[in-house]
1. Starting at the first residue of the range 59-73, write each ³J(HN,Hα) from the Karplus equation 6.51 cos²θ - 1.76 cosθ + 1.60 with θ = phi - 60°, in whole Hz, x for Gly and Pro.
2. Output wanted: per-residue J couplings in Hz (rounded whole) for the range 137-154, from phi through Karplus 6.51 cos²θ - 1.76 cosθ + 1.60, θ = phi - 60°, x for Gly and Pro.
3. Which cross-chain or sequence-distant (5 or more) residues have an amide H under 5 Å from the amide H of V188, H modelled 1.01 Å from N in plane?
4. Just by accessible area at a 1.4 angstrom probe, what is the order of D72, D139 from largest to smallest?
5. From the backbone phi of the range 10-24, what are the Karplus-calculated ³J(HN,Hα) couplings (6.51 cos²θ - 1.76 cosθ + 1.60, θ = phi - 60°) in whole Hz, Gly and Pro given as x?
6. Can you compute the helix-only [θ] at 222 nm over the chain? Use -39500 (n - 2.57) per DSSP H run of at least 4 residues, normalise by all residues, nearest 500 deg cm²/dmol.
7. So for the chain, averaging the separation of alpha carbon pairs under 8 Å that are six or more residues apart and normalising by length, what relative contact order in percent results?
8. Y144 accessible area, nearest 10 Å², 1.4 Å probe?
Amino acid sequence: MPKIADLEYTPNPNARKFVLKEPLTSGLARSFENAEQAQRDELATKLFAIPHVTNVFYIDNWITVTQDGEADWQELLREVAAPIREAPAAEKASEEFAKAAAWLAEGEGGAELSEGDKLKLEQINELLDAEVRPFLQGDGGDLYVVGMEGNTLKVHYQGACGTCPSSISGTLAGIESLVKRIDPEMEVIAV
């Protein structure tokens, strides 16, 4: 049962980040944009049952909950804290989720790419790991590469970043600028 150590504001006014004393996962991000996606995740299902919750994202020792902008945060925070405190800490299930995610990422991100494009995608992910993801995670979000088609890199924002206006404008332009170090012809789009 993770205890809440801290509550942080994010750049997205509709999202709050809970910092936990115990991890919920072992390095695997869990992201849900609606209740239907969360059906197989007990914690996310409980959070989506709370009115106004629109997005749930968690990894390791933190969880970000996003609301629709219609709820009072003071009241909503008390409601979402209960299922977070009741959630089991990371266990064997995290390893199984990680294996499934790795298989999916290989199938979507690299199965139909040439060896040169696979290398380019690997370099892009290393760059994102070093220069982008730590900052997004610090703000209660993240992003992952959905795929690459020709010179177009498709990324998907998670957590607080998923509905934050600056993700689609400033952050996306910054990511494209970084990716152009690897290939000046690359274009980055959010999906």
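1. 7, 6, 9, 8, 9, 10, 10, 10, 10, 7, x, 9, 9, 7, 4
2. 5, x, 9, x, x, 5, 8, 9, 7, 7, x, 9, 10, x, 9, 10, 9, 9
3. Here L153 satisfy the definition.
4. Numbers: D72 90, D139 60 Å².
Ranked list, largest accessible area first: D72, D139.
5. Running phi through 6.51 cos²θ - 1.76 cosθ + 1.60 with θ = phi - 60° gives 10, x, 8, x, 9, 10, 10, 10, 9, 9, 10, 7, 10, x, 8 Hz.
6. Rounded to the nearest 500, it is -11500 deg cm²/dmol.
7. Values: 322 pairs, mean separation 41.1, N = 191.
It rounds to 22 percent for the chain.
8. 100 Å²
The values are calculated or read from the model by the stated rules, or taken from the named source; none is laboratory data. Since the structure is predicted, the reported quantities are computational estimates derived from the model, not experimental observations. Cβ sites come from the backbone with ideal geometry, for glycine too, and all protein chains shown count toward neighbours. Areas reflect the complete protein model, heavy atoms only, side chains present, ligands, DNA and RNA absent. Shrake-Rupley method; radii C 1.70, N 1.55, O 1.52, S 1.80 Å.
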